[in-house]
Amino acid sequence: MNIFNSSQGNKQMRTIIIKSLFVITLGFSAWNFALAGSTNTALKEISLLSEQGNQAAALEKVNTYLNANPKDAEALFMKGVILVE
């Protein structure tokens, strides 16, 4: 019996696909959450330095961070704020 020709087979296939997509999405979400947690620590430290008025140290740290993460929009924004202050 070919499962692709029966409505029950189609239902099973859809169920498998939906479950697979859910697992993949969950995996990507967990991975992004883990990455966000590690980068937030660095960005929080940079923000704290800037708030304390230590722009030179904040700029040095944000430049180091951006060398490793050149497309990080939040870090690029923070650099702009530091340069304006």
* Structure fact -> So, first residue free of Cβ contacts under 8 Å to residues at least 40 places away in the same chain in region 42-69, second residue assigned to a loop (DSSP other than H, G, I, E, B) and surrounded by fewer than 17 Cβ atoms within 10 Å (Cβ to Cβ), Cβ within less than 8 Å, six or more apart or across chains; the pairs are S50/E85; Q55/E85
* To do: Would you confirm whether any residue within region 31-44 is hydrophobic (A, V, I, L, M, F, W, C), at pLDDT 85 or above and under 30 Å from E85 (Cβ atoms)?
  => yes
* Just for region 1-15: of the residues that are surrounded by 10 or more Cβ atoms within 10 Å (Cβ to Cβ) and either among the aliphatic types (A, V, I, L, M) or in contact with a His (Cβ under 6 Å, 6 or more places away or on another chain) (or both), which one is modelled with the highest pLDDT? -> M13
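The values are calculated or read from the model by the stated rules, or taken from the named source; none is laboratory data. Being a predicted model, the structure only gives us computed values, none of them experimental. Please note: Cβ atoms are built from the backbone with ideal geometry, for glycine as well, and neighbour counts cover all protein chains shown.
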